[in-house]
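What follows is a short report on a single structure.
The values are calculated or read from the model by the stated rules, or taken from the named source; none is laboratory data. Everything quoted here is computed from the prediction, not taken from an experiment. Every residue, glycine as well, gets a Cβ built from its backbone with ideal geometry; the counts of neighbours run over all protein chains shown. Each accessible area value is taken on the protein alone, full model and side chains, heavy atoms only, with ligands, DNA and RNA left out. Shrake-Rupley method; radii C 1.70, N 1.55, O 1.52, S 1.80 Å.
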Amino acid sequence: MTEKRAMKTTDDPVLARLPAAVRVYEVGGAVRDALLGWPVADRDYVVVGATPEAMLAAGFRPVGRDFPVFLHPRTQEEYALARAEKKSGRGYHGFTFYTDPAVTLEDDLCRRDLTINAMARAADGALIDPYGGERDLRNGVLRHVSPAFVEDPLRVLRVARFAARFDFIVADETLALMRRIADSGELSALAAERLWQETARALMAKKPSRFLQVLRACGALEKVLPEVATLYGVPQKPEHHPEIDVGIHVEQVLDFAAQRDEALPVRYALLCHDLGKGATLPSQWPSHRGHEERGAPLARALSARLKVPAECGDAAQLVTQWHGEVLRAPELSEEALLKMLMAADVLRRPQRLRWLIDAMVVDAGVRDWAQKGSPPLQGVGGDGFSVSPPAPLPQELAPEALLVGGERGAKDSVPPAARFIEGAARALQNIDAAAIARNHAPVELPAALRAARLAALADFKRAAGTRRGE
């Protein structure tokens, strides 16, 4: 059926040089996103009936290491020979790929993870959908293509990430296969880089909480993010956290951060910020005094295990260790305030302070956001396909109302500590360190700089009316 509906375009001179029997199809995410009405950034193609020699003769450039993938010489888009695969080892790379002109389009699509990713578009515009992807896309369902789904443990992370991106549900039978993978121990074979790649993409999705929820539902969260899994079921004081459960709190701050379009370092830091509460002794619940100090080494270990980028690891360490103090910044002594600001490295890397403040604003504002009704993402829109964009935030919780330095919502929405911290940082940045260096011997300089910084913070606190005893 597929071969009869397909045809090879001759509008492209490169494709026209391929043998007449060859058929080219657009596949994967480009087909899915076009059906959703989303802009398509990258297009991938499957070539049926060709050999590597035919691709080279037509002018394509080979780039694939594990299987034949070629770049179009003009568009630089990827064209892969249709292939089948067989499980040959553990983990994401434990596969043997087979390419041959006899491999059909259906053979190639069958190896894909989800039905919504197993559709193709022929050159004449016909949709080829042998596994019901269009139906599942319309119904907002993530469903595996074949029982071979269990052979690739990375698919557990991918399904959870797609749930975060689309806010789709996972089919029961697919969730059952994900549990099998989690129970098999195969997740331990995944490279840290792949775990981080999927986690980072999920954190930058529109509803990151779904990533954690789906992983938890299939038993994978405790395997890949055990520090986060431990947070579920740990209670907090309801007067500060009406959601009570620390795990639910993390889900909420991640979704709020997504609504505010925070950067990846901030979102990852918020994933880590309460890890120390998972190490609180049950006898101390619902109090979590000292969880910042307990959480810092846990965040550091998680970042090292996932091999996260340096800026994400730095942000997580900073926010985890200082998010409790930052809310009390106006009450801190000059010594404690200086310690926090120097930990943030405000004199050399002011962006780090931005991460700390942005994370604080999210953490401080999430309760009101959740109580006002965090806008849910609808899986399928009224036209049957379009995934609805996030609903606008209430005016008092909009980004411009919460950003430090904004004018709206300053009294009620912006934590007073936010502007205070920025002002304290400016006080340090305005110190003329060069002049101090000229007037002191090198051995005296560290003490002189520290004294100048404490004096600058004292003057700032005095002007702000927060200096004790004045």
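The set of residues from segment 101-116 being in a helix (DSSP H, G or I) and open to solvent by 10 Å² or more (accessible area, probe 1.4 Å) comprises E106, D107, C110. The residues in segment 230-256 that are open to solvent by 30 Å² or more (accessible area, probe 1.4 Å), hydrophobic (A, V, I, L, M, F, W, C) and part of a loop (DSSP other than H, G, I, E, B) can be counted, and the count is 1. Within segment 130-166, being in a loop (DSSP other than H, G, I, E, B) and buried (at least 21 other Cβ atoms within 10 Å of the Cβ) holds for Y131, R143, V145, D152, P153. For segment 257-272, the set of residues classified as part of a loop (DSSP other than H, G, I, E, B) and either touching a Pro at 6+ places or on another chain (Cβ under 6 Å) or among the polar types (S, T, N, Q) (or both) consists of R260 only.
Across segment 257-266, a minimum of one residue is classified as open to solvent by less than 30 Å² (accessible area, probe 1.4 Å), within 21 Å of E193 (Cα to Cα) and touching a residue at least 24 places away in the same chain (Cβ under 8 Å). So which residues in segment 203-248 are touching a Leu at 6+ places or on another chain (Cβ under 9 Å), within 16 Å of L271 (Cβ to Cβ), free of Cβ contacts under 8 Å to residues at least 60 places away in the same chain and among the charged types (D, E, K, R), if there are any at all? Result: R210, E222, D245. Taken over segment 250-273, the residue count meeting the criterion of being under 13 Å from the mean Cα position of the chain (by Cα) and of a type in the set (K, R) is 1. Looking across segment 177-186 at every residue that is open to solvent by 10 Å² or more (accessible area, probe 1.4 Å) and either in a helix (DSSP H, G or I) or hydrophobic (A, V, I, L, M, F, W, C) (or both), the one that is modelled with the lowest pLDDT is identified as E186.
From the list D124, D167, D108, D152, the lone residue that is in contact (Cβ under 8 Å) with a residue 40 or more places away in the chain, out of contact with any strand residue (DSSP E or B) (no Cβ under 7 Å at 6 or more places or on another chain) and under 22 Å from V48 (Cα atoms) is D124. Per the conditions (1) open to solvent by less than 50 Å² (accessible area, probe 1.4 Å); (2) within 29 Å of the chain's Cα centre (by Cα), the sole criterion not satisfied by V24 is (2).
Checking each residue in segment 197-229 for being more than 22 Å from S184 (Cβ to Cβ) and in a loop (DSSP other than H, G, I, E, B) picks out M204, A205, K206, K207, P208. Looking across segment 127-148, the residues that are in contact with a strand residue (DSSP E or B) (Cβ under 8 Å, 6 or more places away or on another chain), touching a residue at least 40 places away in the same chain (Cβ under 8 Å) and more than 24 Å from M55 (Cα to Cα) come down to L127, G133, E134, G140, A148.
Taking segment 287-356 as the region of interest, the helices (runs of 4 or more DSSP H) fully inside it that hold 3 or more residues being under 21 Å from the mean Cα position of the chain (by Cα) and of a type in the set (A, V, I, L, M, F, W, C) are 291-306, 310-327. For segment 30-59, a residue qualifies if it is open to solvent by less than 10 Å² (accessible area, probe 1.4 Å), touching a helix residue (DSSP H, G or I) at 6+ places or on another chain (Cβ under 9 Å) and either more than 16 Å from L105 (Cα to Cα) or not hydrophobic (A, V, I, L, M, F, W, C) (or both), and the qualifying residues are L36, A58.
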